[in-house]
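Down below is the structure, laid out as structure tokens.
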Number of protein chains: 2
Amino acid sequence: MVREMELRQGEVAVDMPSARDAGLVFIGRIRTPWTSRLETPRQGRHDGPVCQLEIFEPWVAAIKGVDFYSNLEVLYWLHQSRRDIVLQSPKNNGNTRGTFSLRSPVRPNPIGTAIVKLVGVEGNVILVRGLDCLDETPLIDVKPDRCEFTPLAPPQPGDFETE
Amino acid sequence: MVREMELRQGEVAVDMPSARDAGLVFIGRIRTPWTSRLETPRQGRHDGPVCQLEIFEPWVAAIKGVDFYSNLEVLYWLHQSRRDIVLQSPKNNGNTRGTFSLRSPVRPNPIGTAIVKLVGVEGNVILVRGLDCLDETPLIDVKPDRCEFTPLAPPQPGDFETE
């Protein structure tokens, strides 16, 4: 069972800082088949259903060239998640783990990341497979998967640095 | 040459929305050997120098269990980057690419992601190799690499879904 907002036995919540240190702009909206957290997969699958990344203005021009890649990295905002729990009980059995040792949506900055398969581009929509989030999830970023990406810009000294 | 704030020939900047849709909390600070953008690698290397993820309160308890994994995913805030450029010229030659087809730090939400090798944990510090960012970069999130992670919580219907 996924959590709504309840704390489980042994879990620890902290007082969230009231200030924010940086602001995000939602660049689009993700359309998936899942409208309930009870149905949403725990992780995406590359043979899963086609999902849509709808890009909002003024960012549509930034799509140019994404169809060069077969895999993209997608960042999204898990807007229904608590942010204040540092020790979590994923199995709801009282055994806790630190939030940074989990890929749970419950985290200080609830950002999901996925590596997806590109299906195609249609206007302001990027079609992909491999997502694991609710319909209407806000989109934060899209970039080529690091495994496929060789920087176009000239190399820098740190590129060659080893200890 | 990395960019400071200048636009290059053919690049397109847009008017950024003045509102912010969500707020980030910096959970720590990254310590690396690089204090100039001219020296910083374009991508991290797993045989690169050891870097430190200093976790701030109240998030230190969330470290529990990260030492179970050999690879972690790290999210960080590229605080010196422009956010308004949708077409970029990485080679500074007038040929432009969409921001979403680049891993450039210049993007609407300047979040970097890296898969790093865990070296160890010392108190509130996670030691890793494989980063590519400036010293003092704000830390946003740490989680297990998806390749190593099997969700602990019970499966859900979407886990098995194919088209």
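Bear in mind that the values in this text are calculations on the coordinates, not laboratory data. No experiment lies behind these values; they were computed from the predicted model shown. Because the Cβ atoms are built from the backbone with ideal geometry, glycine has one as well, and the counts that use them run over all protein chains shown.
Annotations
- Taking the listed residues A:Gly98, A:Gly44, A:Gly48, the one that is more than 7 Å from every other protein chain (Cβ to nearest Cβ) and of a type in the set (Gly, Ala, Ser) is A:Gly44, with no other qualifying.
- Test: residue in the range A:125-135 that is under 20 Å from B:Leu118 (Cβ atoms), at the interface with chain B (Cβ under 9 Å from one of its Cβ atoms) and not hydrophobic (A, V, I, L, M, F, W, C): no
- Considering residues of the range B:55-74 that are outside any loop (DSSP other than H, G, I, E, B) and surrounded by fewer than 16 Cβ atoms within 10 Å (Cβ to Cβ) only, the residue farthest from the other protein chains (Cβ to nearest Cβ): B:Asp67
- Extreme residue, surrounded by the most Cβ atoms within 10 Å (Cβ to Cβ), among residues of the range B:34-54 that are among the charged types (D, E, K, R) and out of contact with any strand residue (DSSP E or B) (no Cβ under 9 Å at 6 or more places or on another chain): B:Arg42
- Filtered residue count, the range A:142-163, keeping only those that are of a type in the set (S, T, N, Q) and either over 25 Å from B:Val86 (Cβ atoms) or within 7 Å of chain B (Cβ to nearest Cβ) (or both): 2
- For B:Arg29: the one exception among (1) in contact with a strand residue (DSSP E or B) (Cβ under 6 Å, 6 or more places away or on another chain); (2) part of a loop (DSSP other than H, G, I, E, B): (2)
- Verdict on B:Glu39 being charged (D, E, K, R), within 23 Å of A:Pro151 (Cα to Cα) and within 7 Å of chain A (Cβ to nearest Cβ): yes
- A:Arg83 meets the stated requirement of being among the basic types (Lys, Arg), in contact (Cβ under 8 Å) with a residue 40 or more places away in the chain and within 27 Å of A:Asp15 (Cβ to Cβ).
- Of note, A:Pro155 does not satisfy the criterion of being within 30 Å of A:Val12 (Cα to Cα) and either surrounded by 18 or more Cβ atoms within 10 Å (Cβ to Cβ) or without any contact (Cβ under 8 Å) to a residue 40 or more places away in the chain (or both).
- Answer residue from the range A:75-95, given it is more than 16 Å from B:Lys143 (Cβ to Cβ) and small (Gly, Ala, Ser) and is nearest to the other protein chains (Cβ to nearest Cβ) among those: A:Ser89
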